[in-house]
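To start, the structure under review is shown below, and the notes come after it.
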Amino acid sequence: PPTTAGSLLAPAHVVATPAAPGAPCGNPVAGSLYALAQHTRALAAGRSPATTDERPPGIQALLTQAVWLRAAQDSNGGWRYPVPVPRYGVRPGWYSAMAQGLAVSVMLRAYATTGGRSFLDASEGAVELMLRPLEAGGCSHYDQLGRPFPEECPSDPVSHILNGAVFALFGLCELSRHQGVAVHQRAADRLRDSLAEFDLGY
């Protein structure tokens, strides 16, 4: 989403972006990307996710963002963006499937690190909203076969942003692996069959 520009670490080490001049707010996409990068860096350095207060900084950075995501998640299971997207005619207050999927990836890692059940519950709530149809206030556009396209920026007409849908799919795949149930399969099939529509011919 456009609100990732100008991201910064707020005093509580939560990634924030300016929603209005002088008014930064937590950003689930920017925060999740930061958390996943820090976590990956820690693992690449051989710093395993310890269960004590001696966790490596990268693991702690992941957990800091995960705690914020869990606390900021609303009763629908999502994170509303307080800014408009004029390009797609979207007013403030929209949910993003990209944000939902990235948050799932972060919170599943937090669950694996801490065993905190609330992280798993939050990730399942995020997926439920992601897969809810657009007309019911969710993030997915369904085709005639009942397959979802996770919308990065839900709009009318639908915008079908490919990279946002792929990030959403990553989260779905990770939850599928954890649950042992292929919750990602219909979305994966839809994206696979849609790829040719994104080929501009060069």
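Every number here is computed from the coordinates shown, using simple stated rules; none is lab data. Everything numeric here is computed off the predicted structure, so don't read it as measured data. Note: ideal-geometry Cβ built from the backbone for every residue, glycine included; neighbour counts use all protein chains shown.
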Checklist outcome for this item: Length-normalised contact order of region 65-202, Cα under 8 Å, at least 6 apart, in percent, tallies to 23
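How much length is gained if the chain between ARG41 and VAL158 is pulled fully straight, taking 0.36 nm per residue apart and subtracting their Cα-Cα distance, in nm to one decimal?
The span from ARG41 to VAL158 would gain 38.5 nm if fully extended.
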Checklist entry - Out of VAL183, VAL127, VAL15, any idea which swings most in a Gaussian network model of the chain, alpha carbons joined below 10 Å? => result VAL183
Item to check | Rounded to the nearest 20 debye, dipole of region 91-197 from Cβ charges on Lys, Arg, Asp, Glu | outcome: 280
Next on the checklist: Between 0 and 90 degrees, rounded to the nearest ten: what's the tilt of helix 117-131 against the longest Cα principal axis of the chain?
Outcome noted: 10
Item to check | Positive-pole candidate from GLY146, GLN179, PHE119, dipole of region 117-182, charges at beta carbon | outcome: GLN179
Checklist entry - Of PHE167, VAL90, ALA72, which is farthest on the positive side of the dipole of the chain, counting Cα position, with +1 on Lys and Arg Cβ, -1 on Asp and Glu Cβ, and the Cα centre as origin? => result ALA72
Checklist outcome for this item: Kirkwood calc, region 95-202, C-alpha pairs only, radius in angstrom 13.9
Checklist entry - Where the only charges are on Cβ atoms (+1 Lys, Arg; -1 Asp, Glu), what is the dipole of the chain about its Cα centre, to the nearest 20 debye? => result 420
Item to check | FRET E, pair HIS13, SER118, Förster distance 22 Å, beta-carbon r, rounded to 0.05 | outcome: 0.65
Item to check | Mean Cβ count within 10 Å, highest first, over the residues of peptides 149-161, 71-83 | outcome: 149-161, 71-83
Checklist entry - Bin by bin, in steps of 10 Å, what percent of the Cα pairs in the chain do you find, going until the bin that has the longest distance? => result 9, 36, 35, 17, 3, 0
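Report the local net charge at SER159: Lys and Arg +1, Asp and Glu -1, summed over other residues whose C-beta lies under 10 Å from its C-beta.
Around SER159, the charge tally is -2.
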